[in-house]
1. Short version: ³J(HN,Hα) in whole Hz for each residue of the range 191-201, in order, from phi by Karplus 6.51 cos²θ - 1.76 cosθ + 1.60 (θ = phi - 60°), x for Gly and Pro, what are they?
2. Would you tally the net charge around Val210, using a Cβ to Cβ cut-off of less than 15 Å, leaving Val210 out, and scoring K and R as +1, D and E as -1?
3. If you build the convex hull over the alpha carbons only and average its shadow over all orientations, what do you get for the chain? Give it in nm² to one decimal.
4. How high is the relative contact order of the chain, in percent, counting Cα pairs under 8 Å that sit 6 or more residues apart?
5. Over the heavy atoms of Asp57, what accessible area does a 1.4 Å probe trace out, to the nearest 10 Å²?
6. Size of the dipole of the chain about the Cα centre, Lys and Arg at +1 and Asp and Glu at -1 on the beta carbon, nothing else charged, in debye to 20?
7. Taking GluC sites (Glu not before Pro) that fall in a DSSP loop and have at most 15 other Cβ atoms within 10 Å as cut points, what is the longest piece of the chain between them?
Amino acid sequence: MRPTRTLLDVVRGGFIGLVEIVPGVSGGTVALIIGLYETLIDSAGHLARGLLRLVADPIRGRGTARARHDLSAVQWGIVLPVVVGMAVAVITAARLLAPVIEDHPVEARAFFAGLILISIAVPARMVGERWRGREVALAVLAAVAAFLVTGIPPATIEDPPLWIVGLAAAVAICALVMPGLSGSFILLVLGLYAPTLDALNDRNLAYIAVFGLGAVIGLGGFVQVLRWLLREHRRITLAIMTGLMAGSLRALWPWQTDESALLAPSGSLTMPMTLFAIGAALVLTLLIAEALVHRRRAVIT
């Protein structure tokens, strides 16, 4: 059973890594859909705190006991296969998926819009059956904010300094753990999407190393805040996530200019609508499968 589970986790990590390459699609959303979100958040929190204590505690004369406790709390059996799957998917998608998105932007956005539209049900369902007025209001505000942010025309930086690369990575990686926000889209807005893809394809080790360091620092800080929010203000946080996902659909409207201005549908609608339906059906299938698994576990226990 363990090898099968490990392979499944590699595949699930691959899905997360794959969508992180796509501007406007959130890896956090996929993590929610496939049931890895809270496991990854908790493990990332323990890992960040453990590494910090591993450096700071010996200097203060406290030894490494607290660091080892945090590091042992990381679910390595799940996290490592997921990270491997993500890494393989990101490297592969940088070569394969990016040209497809560039050559067929309407069809690609239509497919991903179908994925995200149905996946909004994930955090919405986690809030609970009855939404309070404050939760509805915050979700609407988050949707409006995401709609406006995703409408910002993308910038381009030809040869970014490494300190900017690290800073951008620290900001963009936060989107990995925040459903509805796309790390790739943040890089696109900051003008670093194309340079980052080029660095991956060209094996620019300096760029990749600085980007990775910035991502670790950003994730280590932000995940602590997010874990606290989910623990202390779970319903409100999930309501805001729902709004962010809804508003971010603007980035996936199939017909738009290079400056993110929305256009009316044009040309043949058959392929975009078909791909939209396929994307929606895939997520709906995942949600139904997840519900069946939970129901079966409930019967067994």
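The values are calculated or read from the model by the stated rules, or taken from the named source; none is laboratory data. Since the structure is predicted, the reported quantities are computational estimates derived from the model, not experimental observations. When we count neighbours, we look across all protein chains shown, and the Cβ atoms used for this are built from the backbone with ideal geometry, even at glycine. Accessible surface areas use protein heavy atoms only, side chains included; no ligands, DNA or RNA. Shrake-Rupley method; radii C 1.70, N 1.55, O 1.52, S 1.80 Å.
1. x, 10, 5, 4, x, 5, 4, 5, 5, 5, 5
2. Result for the neighbourhood of Val210: -2.
3. 18.0 nm²
4. Taking the mean separation of contacting Cα pairs over the length of the chain, I get 30 percent.
5. 0 Å²
6. With Lys and Arg at +1 and Asp and Glu at -1, about 1580 debye.
7. Maximal segment without exposed cleavage sites: 1-128.
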